[in-house]
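Input: a single structure, listed below in C-alpha cells.
The values are calculated or read from the model by the stated rules, or taken from the named source; none is laboratory data. Keep in mind that what you see is a predicted model, and the values were worked out from it rather than measured. Here the Cβ positions follow ideal geometry from the backbone for every residue, glycine too, while neighbour counts run over all protein chains shown.
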Amino acid sequence: MIKIGVSGAKGRMGQRIIALANDDPQLEVVFGLEKKDHSDLGKTSDGLTISSDLSIIAGCDCLIDFSFHTAVVENISYLVKFKKPAVIGTTGLDEKELEIINQAAKDIPIVFAPNMSVGVNLLFRLLNQASQVLGGYKVDVEEAHHIHKKDAPSGTAKKIAQVVNDQGFNIKFEDIKSIREGEIIGDHKIVFESDVDKIELSHSAKTRDIFVQGSLIAAKWIVGKAPGLYSMDNVLFTKS
C-alpha cells in the first residue's frame, strides 16, 4: 500500500485525486494539505482532516501536488527535508520556481509535468515524430480552456511548442492561440500545413479525471526511484 498526501486537497483536482485514490486498492490517502487561510482547515473531508501543517509530509510515501505555484515551493523544502518523492502537476511556475524544483530533484525523485494525461503524453510522442518528418511545414498551435484558468498559453501548449522546436521549428509562446471560454476542460490542436497538404494532431479532455488518473499512475511509479526530474514520458514509456 502506497501512502499519498494531496496538496491542494480542496481544489477541483485535489478532490478528484482523493476520490479516485480511495477506489484504488494500491493507494491510501493519508492527508490533505491546504493554504493557511483556507476556510476548511481542521474540517474533515472524505475521511481526512484538512491541514496546513507541512510537517505531516513526513507521513506519506509520495506527495501529489495540484496546488498553487507558491505552495509548491513551500512544499518542496519539506519534501527534501523528509526525502519524499513528489508528483507535481501545478502549472504557472516562474523561472525561479522551476529552478527550485530542478535543484530539489538532485535530492529526491520528482515527476513534473504540465499535463498528467496519458493521452496528452502520447500526443507529445506523436508530435515529436511528426516534427521530425515535416520540416519546412508551417505550424500553428491552439489551446482552449475554461474561463477560470489563469495562465495563458497553457503549460501543455508551451510543452507542445518545446517538442516541436526541439526538431528545428521556432514557435513563440506569443504566437500560440489561447481561448478562455465557458467550462472547457482542455483542448489542444497542432496543425502542420504545406502547399500540398495539412496534418492535424489534437487532444480533447472530456473530464478532469484523465489528469487524476495520470497522477496516480505517476505516484505508483515514482516511489522507490532514484533522485531526479522525471516526466510523464518516463512514467509511461520507461520499462523499469
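You will find that of Val164, Val191, the residue that is modelled with pLDDT of 95 or more, over 28 Å from Phe68 (Cβ atoms), surrounded by fewer than 18 Cβ atoms within 10 Å (Cβ to Cβ) and hydrophobic (A, V, I, L, M, F, W, C) is Val191 and no other. Looking at segment 138-207, the strands (runs of 3 or more DSSP E) lying wholly inside it that each contain 1 or more residues that are hydroxyl-bearing (Ser, Thr, Tyr) sit at 177-180, 198-204. Residues considered: Gly8, Gly14. Of these, the only one that is on the phi > 0 side of the Ramachandran plot, under 16 Å from the mean Cα position of the chain (by Cα) and buried (at least 18 other Cβ atoms within 10 Å of the Cβ) is Gly8. If you go through segment 29-47 and keep only what is more than 21 Å from Ile110 (Cβ to Cβ) and not in a loop (DSSP other than H, G, I, E, B), you end up with Thr44, Ser45. Could you say whether any residue in segment 41-62 is in contact (Cβ under 8 Å) with a residue 24 or more places away in the chain, hydroxyl-bearing (Ser, Thr, Tyr) and either out of contact with any strand residue (DSSP E or B) (no Cβ under 6 Å at 6 or more places or on another chain) or on the phi > 0 side of the Ramachandran plot (or both)? For segment 41-62, residues in contact (Cβ under 8 Å) with a residue 24 or more places away in the chain, hydroxyl-bearing (Ser, Thr, Tyr) and either out of contact with any strand residue (DSSP E or B) (no Cβ under 6 Å at 6 or more places or on another chain) or on the phi > 0 side of the Ramachandran plot (or both): present. Of note, Leu126 satisfies the criterion of being assigned by TED's automatic domain parsing to the domain that holds Glu183 and either out of contact with any helix residue (DSSP H, G or I) (no Cβ under 6 Å at 6 or more places or on another chain) or not small (Gly, Ala, Ser) (or both).
Okay, residues lined up against (1) modelled with pLDDT under 90; (2) under 17 Å from the mean Cα position of the chain (by Cα):
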position	(1), (2)
Pro25	no, no
Lys35	yes, no
Ala86	no, yes
Leu98	no, yes
Phe112	no, yes
